[in-house]
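Chemist: Quick one: the structure is below, and I'll ask about it shortly.
The values are calculated or read from the model by the stated rules, or taken from the named source; none is laboratory data. Because the structure is predicted, anything quoted here is derived from the model rather than measured. Here Cβ is always computed from backbone atoms with ideal geometry, including for glycine, and neighbour counts include all displayed protein chains. All accessible areas refer to the heavy atoms of the entire protein, side chains included, with ligands and DNA or RNA removed. Shrake-Rupley method; radii C 1.70, N 1.55, O 1.52, S 1.80 Å.
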Amino acid sequence: IPGNVALEKEIETRLKRGTPFCMLYADLDNFKVYNDVYGFKDGDLVILLLGRIMTWAIARHGHSGDFLAHIGGDDFVAMVNPEKAERICLAVTRCFKRLILNCYHTLDRKRGWIMGKGRDGKEQQFPLVSVSIGIVDCMAPCSLQALGEKAAQIKGYAKTLPANVYVRDPRGNSPCGPAA
């Protein structure tokens, strides 16, 4: 899966072309504690799982020109046709919800949570890893920076919701900022 440099080039190309598209920004929830409890090797497998699921969902439900990038850690960004964005996200969230269970020991899977240390260092229960996806429509001229900020905001909001979820920016088809 391409990385940041390829993503920036793809976004700039699409913005110059002026064709409407949606940006999907996917991020894993409770991933840090999973990595701490199960280890980096298993954590890498969870990232790989999300990448494979997103690749599959885009190929299955998207268009041939859709683009997926791994921007680091547990974050992925895709650019897809606006009419297909929610269908792709639905496929990703449903598939991830089902397949992530295979990444847990039987007891943790049955309980639906794991015990781990939070960022504050205190031991507590954490839900199983889930995926949050923010959808941003880019229907009008906008800058790369404005698009990135808007995508980060809506993904951040999606992460405040429980379980596997996707959220489309309620601001809809408005421009995402001044033209670059």
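Chemist: Would you mind checking LYS84/LYS110; LYS9/LYS117; LYS97/LYS150; LYS84/LYS117 for any pair whose Cα atoms are more than 32 angstrom apart? Could you put the intermediate results ahead of the total?
Modeler: On the way: LYS84/LYS110 34 Å; LYS9/LYS117 39 Å; LYS97/LYS150 26 Å; LYS84/LYS117 38 Å.
Checking Cα-Cα distances, LYS84/LYS110; LYS9/LYS117; LYS84/LYS117 exceed 32 Å.
Chemist: Name the residue farthest towards the positive end of the dipole of region 116-176 from the options GLN124, ASN164, ALA151, assuming +1 on Cβ of Lys and Arg, -1 on Cβ of Asp and Glu, about the Cα centre.
Modeler: Going by the Cα projections, it comes out as GLN124.
Chemist: Using the Cα centre as the reference, give the magnitude of the dipole from point charges on the C-beta atoms of the chain (Lys, Arg: +1; Asp, Glu: -1; all else neutral), rounded to the nearest 20 debye.
Modeler: Values: 24 positive and 19 negative charges, 92 e Å.
Its charge dipole is roughly 440 debye.
Chemist: Label region 69-180 by shape, choosing from rounded, prolate and oblate, from the square roots a ≥ b ≥ c of the eigenvalues of the Cα gyration tensor; if a/c is under 1.5 it is rounded, and otherwise prolate applies when a/b is larger than b/c, oblate when it is not.
Modeler: Working: a/c = 2.85, a/b = 1.93, b/c = 1.48.
It comes out prolate by the Cα gyration axes.
Chemist: Loop only per DSSP, at most 16 neighbouring Cβ atoms within 10 Å: give me the GluC sites (Glu not before Pro) in region 31-131, ordered by residue number.
Modeler: On the way: sites: GLU83, GLU86, GLU123; in loops: GLU83.
Qualifying residues, ordered by number: GLU83.
Chemist: Counting only protein heavy atoms and using a 1.4 Å probe, what share of the accessible area of region 51-125 belongs to carbon plus sulfur, as a whole percent? Before the final figure, lay out the partial values.
Modeler: Working: 2070 of 4240 Å².
Answer for region 51-125: carbon and sulfur cover 49 percent of the accessible area.
Chemist: So what are the ³J(HN,Hα) numbers for region 88-96, from phi and the Karplus equation (6.51, -1.76, 1.60; θ = phi - 60°), rounded to whole Hz, Gly and Pro as x?
Modeler: Taking θ as phi minus 60°, the curve returns 5, 5, 4, 4, 5, 5, 5, 5, 5 Hz for region 88-96.
Chemist: Around ARG168, which amide H atoms from residues at least 5 apart in sequence, or from another chain, sit under 5 Å from its own amide H, with H modelled in the peptide plane?
Modeler: Residues meeting the criterion, in which the H sits 1.01 Å from N, are ILE135.
Chemist: Pop out the ³J(HN,Hα) list for region 43-54 in order, Karplus 6.51 cos²θ - 1.76 cosθ + 1.60 with θ = phi - 60°, rounded to Hz; leave Gly and Pro as x.
Modeler: Rounded to whole hertz, the list is x, 4, 5, 5, 4, 4, 4, 4, x, 5, 5, 5.
Chemist: What does the C-alpha gyration tensor say about the overall shape of region 94-154? Classify as rounded when a/c is under 1.5, otherwise prolate if a/b is larger than b/c, or oblate.
Modeler: Numbers: a/c = 5.36, a/b = 2.03, b/c = 2.64.
Since a/c reaches 1.5 but b/c is at least a/b, the shape of region 94-154 is classed as oblate.
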